[in-house]
1. Can you tell me which of (1) surrounded by 14 or more Cβ atoms within 10 Å (Cβ to Cβ); (2) out of contact with any helix residue (DSSP H, G or I) (no Cβ under 6 Å at 6 or more places or on another chain); (3) modelled with pLDDT of 85 or more; (4) over 18 Å from residue 122 (Cα atoms) is the one residue 18 doesn't meet?
2. Report yes if some residue within segment 116-137 is in contact (Cβ under 8 Å) with a residue 40 or more places away in the chain, loosely packed, with under 14 Cβ neighbours inside 10 Å, over 20 Å from the mean Cα position of the chain (by Cα) and farther than 23 Å from residue 267 by Cβ; otherwise report no.
3. Just to be sure, is residue 159 in a helix (DSSP H, G or I) and more than 15 Å from the chain's Cα centre (by Cα)?
4. Among the residues of segment 138-156, is any farther than 17 Å from residue 24 by Cβ, outside any helix (DSSP H, G or I) and in contact with a helix residue (DSSP H, G or I) (Cβ under 6 Å, 6 or more places away or on another chain)?
5. Of all the residues that make up segment 65-99, how many are at pLDDT below 85 and loosely packed, with under 14 Cβ neighbours inside 10 Å?
6. Tell me which residues, restricted to segment 108-137, are in contact with a helix residue (DSSP H, G or I) (Cβ under 8 Å, 6 or more places away or on another chain) and not in a helix (DSSP H, G or I).
């Protein structure tokens, strides 16, 4: 408990550095662009328009739900951007690490917070779009949305800590990550509703596979987001999404613990 309190105390003492790094990461993403930070709003708008138009052209005879697709991909982009950016969170700040004393965990944290800002802006556009198309937004469930976002941010932070540390010692992490995230993407109900894999699992696979599927933290998160934003019925036991949420927080603590353990060796490896 003492170490945990000390950890949060150090983060609070360096809150100004965290804010500076978050601002820098946001500026780097939009450096040289005319719209700058407003791309956080413009990008999801263009995404919705392009996907909506394209799918209408090719989807003759094929049933798809644009709201499910758009919601899934915007939610997935948060974790995708965090994992990709985390690879350079430590390696890309080698000079800062060698010259300045500060908690190194701030580096992946700033990466996640910068992407969280972008995700919140995209989420605002998503909600406006869903209201325009009269989606079944569950207003009574919006009170849970901050906790769901916080849980996804915790997952992103844990993964960012793991990946940023791993990339210091194993530079192949970048190449492995690309394939791993692609596989994770298709195993997660992003492009399709959760009902599709559940029908397969319940119809052809052993019963233990369903809880195993919810060990994928993004499965429960997708279900929770769509339950609130689209009114999608949750045809599962309540403990299964809770399992996904628990995995998110376990990854957070495991990732931060591993990062803290190996971070004294960063200076020698960079």
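1. Single failed check for residue 18: (2).
2. yes
3. no
4. Within segment 138-156, one or more residues are farther than 17 Å from residue 24 by Cβ, outside any helix (DSSP H, G or I) and in contact with a helix residue (DSSP H, G or I) (Cβ under 6 Å, 6 or more places away or on another chain).
5. The number of residues fulfilling the criteria is 2.
6. Within segment 108-137, 133, 135, 137 qualify.
The values are calculated or read from the model by the stated rules, or taken from the named source; none is laboratory data. Because the structure is predicted, anything quoted here is derived from the model rather than measured. Quick reminder, even Gly has a Cβ in these numbers, built from the backbone with ideal geometry, and neighbours come from all protein chains shown.
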